[in-house]
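Heads up, the thing below is written out as structure tokens.
The values are calculated or read from the model by the stated rules, or taken from the named source; none is laboratory data. From a predicted model like this one, the values you see are computed outputs, not experimental measurements. Here the Cβ positions follow ideal geometry from the backbone for every residue, glycine too, while neighbour counts run over all protein chains shown.
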Amino acid sequence: MSQTDLTWAVPVMRAGYAGRGLTYLAVAGFSLYAIWWGREAEGTQSALARLETSPGGTLVLFLIFIGLFAYAVWRLVASFYDLECRGTGLKGIAARLAMVVTGLIHLALGVFAFSLLFLGSGGSGDGSTTRQIVRWIFGVPGGRYVVMAVGAVIAIAGVYYAYKGWSGKYREHLRANPATLRFNFVLQAGLIAQGIVICIVGFLFFHAGWTFDPNEAGGTKEAFSWLTRQSYGRVLVGAICVGLLGFAVFCFVNARYRIVPRVTGDDVETMAAKLRAMAGN
């Protein structure tokens with residue numbers, strides 16, 4: 001497929017990141033509101049369900065629905081055609097498989113948003129669907145070890161998110177401009193916060209497999225609930241939710257400035273290259 005044929009993927013990618021940004025804006029916003037009033041922070045699905053009943057929320061939910069499907073398409077297409085030039089080595093294949101997984105996760109969230117919009121119900125909540133899946137896996141020979149392995153992989157993904165934020169590796173995929181440079185700290189904080197949440201989700205899955213208890217598994221909402229039970233838990237959850245606002249900004253910045261190497265070529269200056277040049281002067 002030629003570079004010209006691939007140009008359609010760029011607007012799909014931008015719509016996808018915008019929808020993802022709206023999703024995390026809803027999760028962080030509703031969670032901070034809930035914490036302020038002494039309630040538990042929201043998970044992704046519960047935040048979308050709450051959005052549906054909020055003033056003007058139906059329009060935002062529709063935009064999220066479009067965006068999540070676009071993001072799923074982007075991740076699957078980017079993996080198949082290697083649009084981000086990950087390569088065919090072991091590390092590249094792992095990265096491209098991770099794209100497929102994240103694409104399918106966001107596709108499921110898109111289906112949930114669709115069901116809220118057009119069917120009037122999203123089905124079961126954040127944790128119940130996860131626990132049902134884990135319970136089914138436990139019925140398969142060696143299922144508990146599969147769940148533990150899934151938890152380990154999720155935790156590793158969380159560590160990688162945090163590493164991207166801490167090291168600034170994400171800058172290699174952003175076009176250099178005043179906006180990306182100005183929001184550098186916010187982008188870093190957002191990635192680290194998202195990494196922490198993913199790590200906790202991975203721990204919950206691993207612990208569910210270790211204890212052979214599907215009720216221990218869960219998603220974002222259960223991660224917040226677990227963290228709330230720790231020392232200074234509500235403060236930590238609040239801090240992470242503020243960080244997730246930064247992750248929403250990260251998604252919006254990617255929607256505007258992310259580079260697709262296979263389409264744009266090598267002549268576009270990245271944020272990482274710009275910072276290296278500034279450091280050398």
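A quick yes/no check of all residues on (1) on the phi < 0 side of the Ramachandran plot; (2) at pLDDT 95 or above; (3) of a type in the set (Gly, Ala, Ser):
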residue: 4; (1), (2), (3): yes, no, no
residue: 9; (1), (2), (3): yes, no, yes
residue: 15; (1), (2), (3): yes, yes, yes
residue: 20; (1), (2), (3): yes, yes, no
residue: 35; (1), (2), (3): yes, no, no
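In region 84-104, what count of residues is obtained for those that are under 27 Å from residue 51 (Cβ atoms), aliphatic (A, V, I, L, M) and touching a residue at least 24 places away in the same chain (Cβ under 8 Å)?
Restricting attention to region 84-104, the residues satisfying the condition of being under 27 Å from residue 51 (Cβ atoms) are 99, 101-104.
Those still in the list that are aliphatic (A, V, I, L, M) too: 99, 101, 104.
Okay, now just the ones that are also touching a residue at least 24 places away in the same chain (Cβ under 8 Å), so 99, 104.
Final tally of qualifying residues: 2.
Inspect all residues belonging to region 82-102 and state whether any of them is in contact with a Gly (Cβ under 8 Å, 6 or more places away or on another chain), part of a helix (DSSP H, G or I) and crowded, with 19+ Cβ neighbours inside 10 Å.
Within region 82-102 (the criterion being in contact with a Gly (Cβ under 8 Å, 6 or more places away or on another chain), part of a helix (DSSP H, G or I) and crowded, with 19+ Cβ neighbours inside 10 Å), the answer is no, since none of the residues qualifies.
Determine, yes or no, whether residue 50 is outside any helix (DSSP H, G or I) and surrounded by fewer than 21 Cβ atoms within 10 Å (Cβ to Cβ). Quick ask: steps written out before the conclusion?
Values: outside any helix (DSSP H, G or I): no; surrounded by fewer than 21 Cβ atoms within 10 Å (Cβ to Cβ): yes.
So residue 50 does not fit the description; no.
Please work out which one of (1) closer than 28 Å to residue 77 by Cβ; (2) loosely packed, with under 13 Cβ neighbours inside 10 Å is the condition residue 251 fails and give its number.
Only one criterion is unmet by residue 251, namely (2).
To keep it simple, each residue is scored yes or no on (1) touching a Cys at 6+ places or on another chain (Cβ under 6 Å); (2) more than 18 Å from residue 216 (Cβ to Cβ); (3) surrounded by 16 or more Cβ atoms within 10 Å (Cβ to Cβ); (4) charged (D, E, K, R).
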| site | (1), (2), (3), (4) |
| --- | --- |
| 117 | no, yes, yes, no |
| 133 | no, no, no, no |
| 136 | no, no, no, no |
| 156 | no, yes, no, no |
| 174 | no, yes, yes, no |
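Taking region 167-191, which residues are of a type in the set (Ser, Thr, Tyr) and modelled with pLDDT under 90? If you could, list the steps in order and put the result at the bottom.
Residues of region 167-191 of a type in the set (Ser, Thr, Tyr): 167, 170, 180.
Within region 167-191, just 180 meets the criteria.
From (1) under 29 Å from residue 14 (Cα atoms); (2) in contact (Cβ under 8 Å) with a residue 24 or more places away in the chain, pick out the condition that doesn't hold for residue 267.
Every condition holds for residue 267 apart from (2).
Taking the conditions exactly as written (farther than 30 Å from residue 144 by Cβ, surrounded by fewer than 23 Cβ atoms within 10 Å (Cβ to Cβ), of a type in the set (A, V, I, L, M, F, W, C) and in contact with a strand residue (DSSP E or B) (Cβ under 7 Å, 6 or more places away or on another chain)), does residue 268 satisfy them or not?
Details: farther than 30 Å from residue 144 by Cβ: yes; surrounded by fewer than 23 Cβ atoms within 10 Å (Cβ to Cβ): yes; of a type in the set (A, V, I, L, M, F, W, C): yes; in contact with a strand residue (DSSP E or B) (Cβ under 7 Å, 6 or more places away or on another chain): yes.
When the stated conditions are applied, residue 268 passes them.
Six or more apart or on different chains, Cβ atoms under 8 Å: show the pairs whose first residue is in region 140-162 and farther than 13 Å from residue 202 by Cα and whose second is outside any helix (DSSP H, G or I).
Between residues of region 140-162 that are farther than 13 Å from residue 202 by Cα and residues that are outside any helix (DSSP H, G or I), the close pairs are 144/212.
Within region 116-146, can you find the residues that are part of a loop (DSSP other than H, G, I, E, B) and at pLDDT below 90?
Matches in region 116-146: 119, 120, 121, 122, 123, 124, 125.
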